[in-house]
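Report on the following structure.
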Amino acid sequence: MEHMKNVRSLTVAALLVALAVTLKFLKIVITPTLEFSFAFLANASAGFLFGPFVSGTVGALADVLGYLVRPTGPFFPGFTLNAIINGVVYGLILYKKPLSMKRVVIARVINTVLISFLLNPLWLSMMYGKAFHLLVKTRFIKAVILFVPECILLYAILQLVQKIALNASFLQRRSASE
């Protein structure tokens, strides 16, 4: 929560919102109810850098702004809730903890099970009347195929984010001492 009072943190969080919105547009549509996006990378980065509150906020803002910029179907608040939960999970597991593949995998497992297997199919079945179990099956196949590449990509991105953050804090301390 202390990050919401820091101008530098707010600026980086705003940039992550913009990045998440942009990455959401670079999605790969598999079926009308199944797609792949890289937007989770920005939300996970927010969780890693700022914790659950800021990353939940980044997720919510990215979802709403993404819809306002380019609506794809009706707005449904359940998907905004998903984005908030997604960010909170990343923040709880990654914030102020040593970066490890184990933590990345745990965060991805929780988000995959909670969001991809439970909440997304629930919202889509409510919206379109599709059978819940069929939506879960297609998401399971997607998760099996993409889980390992997503974990590897997320770990690599977070290593890069960590290096950038360390360099930025070094530069900040250096300029303050001059």
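The values are calculated or read from the model by the stated rules, or taken from the named source; none is laboratory data. Remember, predicted model here, so these are calculated numbers, not experimental data. Because the Cβ atoms are built from the backbone with ideal geometry, glycine has one as well, and the counts that use them run over all protein chains shown. For the accessible areas, the whole protein counts, side chains as well, though only heavy atoms, and no ligand, DNA or RNA atoms are used. Shrake-Rupley method; radii C 1.70, N 1.55, O 1.52, S 1.80 Å.
Things to note:
- Fully extending the segment from L68 to L166 would add 31.9 nm, taking 0.36 nm per residue of separation and subtracting the current Cα-Cα distance.
- Zone of S37's modelled label, taken as backbone nitrogen in segment 103-126 under 20 Å from a point 7 Å along Cα→Cβ: 107-126
- Highest-MSF residue in the chain out of P71, P121, P52 [GNM, Cα springs under 10 Å]: P71
- Residue pairs, from the table K27/K102; K97/K163; K27/K163, whose Cα atoms sit over 22 Å apart: K27/K102; K27/K163
- Accessible area per residue for segment 11-150 is 50 Å², calculated with a 1.4 Å probe on protein heavy atoms, without ligands, DNA or RNA.
- Centroid-to-centroid separation of segment 55-131 and segment 1-32 [C-alpha atoms, Å]: 13 Å
- Here the gap between L15 and A143, fully extended at 0.36 nm per residue and compared with their Cα-Cα distance, gives a gain of 43.3 nm.
- In the chain, helices alone account for a calculated mean residue ellipticity at 222 nm of -25500 deg cm²/dmol, with every DSSP H run of four or more residues adding -39,500 (n - 2.57).
- Between 0 and 90°, nearest 10: helix 101-111 axis offset from the chain longest Cα axis: 40 degrees
- Cleavage-rule hits (chymotrypsin sites (Phe, Trp or Tyr not before Pro)) in segment 75-111: DSSP loop, at most 13 neighbouring Cβ within 10 angstrom: F75
- Dipole magnitude of the chain about its Cα centre (Cβ charges: Lys, Arg +1; Asp, Glu -1), debye to nearest 20: 280 debye
- Residue separation of T22 and E2 scaled by 0.36 nm, minus their Cα-Cα distance, works out to 4.5 nm of gained length.
- Helix 77-94 axis, angle to the chain major axis (alpha carbon atoms, nearest 10°): 40 degrees
- Relative to the longest principal axis of the Cα atoms of the chain, the long axis of helix 132-177 makes an angle of roughly 10 degrees.
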